[in-house]
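Quick notes on the structure that follows.
The values are calculated or read from the model by the stated rules, or taken from the named source; none is laboratory data. Because the structure is a prediction, the values reported are computed rather than measured. Cβ placement follows ideal geometry from the backbone for every residue including glycine, while neighbour counts extend to all protein chains displayed. Please note that ligands, DNA and RNA were not included when accessible areas were found on the heavy atoms of the full protein model with its side chains. Shrake-Rupley method; radii C 1.70, N 1.55, O 1.52, S 1.80 Å.
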Amino acid sequence: MPGLEDLYREIILDHYKNPRNEGIFPTPPAVKAEGHNPLCGDELTVYLLLEGDVIKDIRVTGQGCSISRSSASLMSVAVKGKTLEEVDHLLKIFKSMMSISTNSSGEAEVVEPVEYSERELGELIALQGVVKFPVRIKCATLSWNTLVQALESRAS
Amino acid sequence: MNTLGVKTRPLIVSEIRKDFPIFTQHDGKDLFFLDSAASSQKPIQVLQAMDHYYSTTHANVHRGVYHIAEHATELYEGARAKIGRFVGAPNPSRETIFTKNATESINLLSNSLTRGTLKKGDVVVLTEMEHHANLVPWLMAKEQFGIEIRYIMVDENGYLNLENIDDLLQDAKVLSVTLTSNVLGTINPVRQLADLAHKHGAIVIGDGAQYVPHLSTNVADLGLDFLAFTGHKMLGPTGIGVLWGKSELLESLPPFMGGGDMIADVRLDGFTPNELPWKFEAGTPPIAEAIGLAAAVDYLENLGMGSVREHELELLSYAFESLESHFGNDLVIHGPRNIQDRGGVISFDFRDIHPHDISQILDQSGVCVRAGHHCAKPLMRHLGIVATARASFHIYNDQSDIDALVDALAKAQAFFG
């Protein structure tokens, strides 16, 4: 059985206890999306302030476990100030990290593997251990999926 | 002696655990299984009954005139009668219908009632503490047929608020209520509710998924017209549930699913439904599962349901004391304080640690609890939370399981600081 230290890395506990970019923005000018994890009841809302194709600022609010909350916090730091193209790339490599290539059981999404370096992932690498706990992968990907919804809501 | 003055024998858990192969299958590591409200473990007697049936007897029921087919039919119908008697059915062979699970039993009712008895605007009364299985089928009927749903709300102590019960039941056609809440553990005053509902002319459906596996059940004493329950929470296999109903009511309802076995005659322009209970059983039924469930009923009856209940009350009492003395106000237990009003279910919040994280850390110590909304999202909203951790018991649990839970919670406390 993988150990707890694989899952609850120090960075994760730090982002859980001190979430970054927590709060809300008025909409408009911000766009927002609500994400739910029906399995466990986690809920979060992502607010984006966009300027051209740049995420100028971001806020996240909601309820969830340490993995979903810390992942949301880490995501908010990772995408703030980034262009949509950069965000798209981060999303792809994050999802790639979250896919399980050796074991397809559990509820993991099967994602096309993308080549990436640890440097590109930055602090997001802390969530790598989550793949050893397939049930928790949805917790880690919830904020990213909600981010995508928020971006799509602008497009529509 | 228990509180009803019925003689009960204390359960010997060390002996009982020997009957459950799962407890010897984990590399010698202890398994503290506290999630029987989600699904119980199975004794070897149930597994052997199903295995023996498949190895020696299997053939389709109600069809062949050769000897193993006749024997399969005997076993299947024998299981029906036994399981019906277990809940006090007056006519067990006619009134006990096999389904896939309690969810399907309630869907059968909501479906047949809306195609038979219920009309647009008719009132169905539910409670705020229902499992999704007793909510969504009625919400679907509301969407499709325009029935009206009223709710009995839950008070701050985890009981149903019966202050305005007469108003709620006014002109109601159906009251459908859980006997034991899968989240709060509350055992509802179903007899009292049933008597009131009958006074208003409503039929009464009981969701017994969390009740039948743990307490002696008698449909007449409970005042029910229908009772839904499931096999896998009462030591039986998955894939089999039960709907008991009063004969005259079952007679009056149209069939649920159509197919083989549920018909008396089929013509190109129509069909005649079969008699009870087969009218509600379309297609090849879960034969081995029915036989397995009958073996589970034998197992429970052999222990005595009074003893099963006494054992759970002792565990509840020990768990309440132990959790409170170790964690004080850091741990909040939902539902009634009086354990006599509770089933063997303890949902709790522990500091501000999310139930998922609690469950994960408990898993490291081999302690299995459920974390989540327990398929009762409206109740979760009422409690103002998104999820709880839940420990639940059955006959194979003893104080060592509670001790392991307490130790593992202390670890979670240390971990999350």
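Below is a table of values for the structure above.
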read-out: Accessible area in the full protein assembly, largest first, 1.4 Å probe, for A:D57, B:D265; value: B:D265, A:D57
read-out: 15 Å beta-carbon shell around A:L7, net charge (K/R +1, D/E -1); value: 0
read-out: Sites B:N218 and B:H58, calculated FRET efficiency, Cβ-Cβ separation with R0 41 Å, nearest 0.05; value: 0.75
read-out: Proximal lysines to B:K18, defined as alpha-carbon separation beneath 16 angstrom and excluding residues fewer than eight positions away on the same chain; value: B:K29, B:K42
read-out: Angle between chain B longest axis and helix B:355-364 axis [Cα atoms, degrees, rounded to 10]; value: 80 degrees
read-out: Farthest positive-ward along region B:47-301 dipole, Cα basis, beta-carbon charges - from B:F280, B:A69, B:V190; value: B:A69
read-out: Estimated inter-spin distance, B:T284 and A:D53, nm [label 7 Å along Cα→Cβ]; value: 5.9 nm
read-out: Magnitude of the charge dipole, the protein assembly as shown, Cβ model with Lys/Arg +1 and Asp/Glu -1, debye to 20; value: 440 debye
read-out: Cα-projected label distance for B:E74 with B:L139, points at 7 Å along beta-carbon direction, nm; value: 4.8 nm
read-out: Reference-scaled alpha-carbon Rg (2.2 N^0.38 Å with N residues) for the protein assembly as shown; value: 1.06
read-out: Structure-based [θ]222 nm, chain B - -39500 (n - 2.57) summed over DSSP H runs of at least 4, per residue, nearest 500; value: -12500 deg cm²/dmol
read-out: Restricting region B:79-187 to trypsin sites (Lys or Arg not before Pro) in coil, as DSSP defines it, with at most 11 other Cβ within 10 Å; value: B:K119, B:K120
read-out: Per-pair calculated FRET efficiency, R0 = 60 Å: B:E251 and A:T83 via Cβ, rounded to 0.05; value: 0.30
read-out: Which of A:E118, B:E143 is most accessible, then next, and so on - probe 1.4 Å; value: B:E143, A:E118
read-out: Nitroxide proxy distance, nm - points 7 Å out along Cα→Cβ at B:Q399 and A:L13; value: 3.3 nm
read-out: Averaged over B:354-364, number of beta-carbon atoms from partner chains that fall within 10 Å; value: 6
read-out: Pairwise burial A:B, computed as accessible area of each alone minus the pair, summed, 1.4 Å, Å²; value: 1700 Å²
read-out: Calculated log₁₀ intensity ratio I(q)/I(0) where the Debye formula runs over C-alpha points of region B:112-176, q = 0.18 Å⁻¹; value: -0.64
read-out: Qualifying trypsin sites (Lys or Arg not before Pro) for region B:280-363 [loop in DSSP, other Cβ within 10 Å: at most 13]; value: B:R337
read-out: Cut-off 10 Å between beta-carbons: net charge of the residues surrounding B:Q413, Lys and Arg +1, Asp and Glu -1; value: +1
read-out: Heavy-atom accessible surface of chain B: percent carbon and sulfur, 1.4 Å; value: 51 percent
read-out: Alpha carbon centroid spacing (whole Å) that separates region B:36-101 from region B:301-331; value: 32 Å
read-out: Computed [θ] at 222 nm, helices only, for chain A once each DSSP H run of length n ≥ 4 contributes -39500 (n - 2.57); value: -12500 deg cm²/dmol
read-out: Two-site FRET efficiency, B:S322 against B:H26, from Cβ-Cβ distance with R₀ of 25 Å, rounded to 0.05; value: 0.55
read-out: Per residue solvent-accessible surface (Å²) - the protein assembly as shown, probe of 1.4 Å; value: 42 Å²
read-out: Which of B:S93, B:M380, B:Q45, positive extreme of dipole for the protein assembly as shown (C-beta unit charges); value: B:S93
read-out: Hull-based mean projected area of chain B, where the convex hull spans the alpha carbons, in square nanometres; value: 21.5 nm²
read-out: Interchain or long-range residues, amide H under 5 Å from B:I152's placed H; value: B:L126, B:T127, B:E128
read-out: Sparse-neighbour loop sites [GluC sites (Glu not before Pro); region B:269-318; at most 12 other C-beta within 10 Å; DSSP]; value: B:E275
read-out: Share antiparallel - DSSP beta bridges, chain B, percent rounded to 5; value: 60 percent
read-out: Full-stretch length increase - B:R381, B:E275 - with 0.36 nm per residue and alpha-carbon distance subtracted; value: 33.8 nm
read-out: Computed P(r) (all Cα pairs; region B:290-348; 10 Å bins; percent); value: 20, 39, 24, 15, 2
read-out: Positive-end extreme of charge dipole, region B:153-238 - chosen from B:A172, B:T217, B:G206 (charges on Cβ); value: B:T217
read-out: 10 Å beta-carbon shell around B:G260, net charge (K/R +1, D/E -1); value: -1
read-out: Accessible surface of A:S117 - all protein chains present, 1.4 Å probe, nearest 10 Å²; value: 40 Å²
read-out: Amide H partners (placed H, <5 Å) of A:D42, local residues excluded; value: A:N37
read-out: Computed magnitude of the charge dipole of chain B (debye, nearest 20; Cβ of K, R +1, Cβ of D, E -1); value: 560 debye
